[in-house]
Amino acid sequence: MLNFPRQERIVIYFLVVTLGVGAVLRLVRNQHLENQLTPNRFYEEEQQFKKIAEQINSDSLQFVDKTISTSDSMNVDAPSEVSTGEVKLVNLNTAGISELAELPGIGPAKAARIKAYTDQNGPFKHKSDIILVKGIGEKIYTRLEGLVTTE
């Protein structure tokens with residue numbers, strides 16, 4: 001073989017065999033790996049996830065529709081609610097846990113944290129101060145911004 005010494009021929013044979021085995025393994029793996037990585041269950045779970053996401057999104061839209069009133073049937077007597085036009089604002093400083101829990105993105109646990117925060121630190125000065133409560137970030141605040149007040 002082209003006058004290579006014995007050791008060099010062994011190295012060349014080793015490299016050729018290694019590259020050949022690697023190429024064959026790569027071809028075989030690419031054919032079988034795709035089927036193994038994406039089982040049929042994945043597609044079923046993806047469809048279920050999409051249905052649940054659509055349901056959640058439609059439920060949150062219905063919740064927003066419920067908070068917007070076109071008549072004068074708003075409860076103005078409640079101290080924690082302020083009426084501005086058609087949207088009923090919830091006062092973060094005076095609202096109860098049940099009222100806070102009805103806000104989008106706020107459940108009973110976060111409502112309790114908001115109440116505990118105002119009990120420990122006093123009333124919120126600005127509605128953006130709600131971000132200081134654990135579990136409430138910019139994303140939730142942007143959803144709440146038009147629905148809450150501190151006055």
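Taking the Cβ-Cβ separation of Gln48 and Leu132 as r and a Förster radius of 30 Å, what is the calculated FRET efficiency to the nearest 0.05?
That pair, Gln48 with Leu132, gives E of 0.25.
If amide H atoms are built 1.01 Å from N in the plane of the peptide, which residues on other chains or at least 5 residues away come under 5 Å of the amide H of Val148?
HN-HN under 5 Å from Val148: Val90.
Sum up the charges of everything whose Cβ sits under 12 Å from the Cβ of Pro123, counting Lys and Arg as +1 and Asp and Glu as -1, but leave Pro123 out.
Residues close to Pro123 contribute a combined charge of 0.
How would you rank 135-145, 103-113, highest first, on the average number of other Cβ atoms within 10 Å across their residues?
103-113, 135-145
Rule-based calculations on the coordinates, nothing more; no lab input. Small disclaimer: the values here were computed from a predicted structure and weren't measured. Every residue, glycine among them, receives a Cβ derived from its backbone with ideal geometry; neighbour counts consider all protein chains shown.
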